[in-house]
Amino acid sequence: MKKTAKAKQRSAPLTDAQRIIGAVKKIPRGRVSTYGNIAEVAGLPRRARLVGTVLRQTPASTRLPWFRVINSSGRISFPVDSDAYESQRAKLEAEGIELIRGRVDLKRHAWPRRDTELDELLWKMDD
DNA sequence: GTCTTGACTAAGC
DNA sequence: GGCTTAGCCAAGA
């Protein structure tokens, strides 16, 4: 079928980076997710490192809850003595996510929850 | 095209 | 839980 001038945006191929950013935006306030989870939600299994790469090159100007993304052990993936670490920790605590001995309790704050929320997400993006 | 890097992870102690 | 090692895979040089 031929495309009209209006048809441009609908099937715009999302880049991996765009999908990752979209996934990060879905993290609810007061919750956290891991790099691996974000990759999975974005439809990019086994690309946890890509999530980190994308976040690194994403301008701070884009409103994105990047601080809600932590690694699989519940830790902030920055050196503990860095400004970035402190910044992330402060933002998390501002949302009520406490770090206990440098770790977030993933059992309590992880999103999506393994039991139900992930399934819903993956089903919904099917169409 | 090859080599190195890295905001990662899972597995084995 | 911590530490090490081996896989992983896209970006940059």
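Quick note: the coordinates plus some simple rules give every number you see, no bench work behind them. Just so you know, these numbers come straight off a predicted model, no measurement behind them. Cβ placement follows ideal geometry from the backbone for every residue including glycine, while neighbour counts extend to all protein chains displayed.
What to note about this one:
- Using the Cβ-Cβ distance between A:Lys91 and A:Leu14 with R0 = 30 Å, the FRET efficiency computed as 1/(1 + (r/R0)^6) comes to roughly 0.65.
- Estimated FRET transfer efficiency (A:Thr53, A:Thr116; beta-carbon r; R0 22 Å; 0.05): 0.15
- Within-13-Å neighbourhood charge of A:Leu92 [Cβ basis; K, R +1; D, E -1]: +3
- Distance cut-off 19 Å, percentage of C-alpha pairs in chain A lying past it: 51
- A:Glu98/A:Arg46 FRET efficiency (R0 35 Å; Cβ-Cβ; nearest 0.05): 0.70
- The modelled label-to-label distance for the pair A:Lys107/A:Arg75, using points 7 Å beyond Cα in the direction of Cβ, is 2.0 nm.
- Note: relative contact order over segment A:16-123, using C-alpha pairs below 8 Å and six or more positions apart, is 30 percent.
- Here each label is just a point 7 Å from Cα along the line to Cβ, and for A:Arg29 and A:Ser82 those points are 2.8 nm apart.
- Residue with peak Gaussian network fluctuation, chain A [Cα springs, cutoff 10 Å], from A:Ser61, A:Ser72, A:Ser82: A:Ser61
- Panel order for A:Ile100, A:Ile20, by other beta carbons found within 10 Å of each beta carbon, from fewest to most: A:Ile100, A:Ile20.
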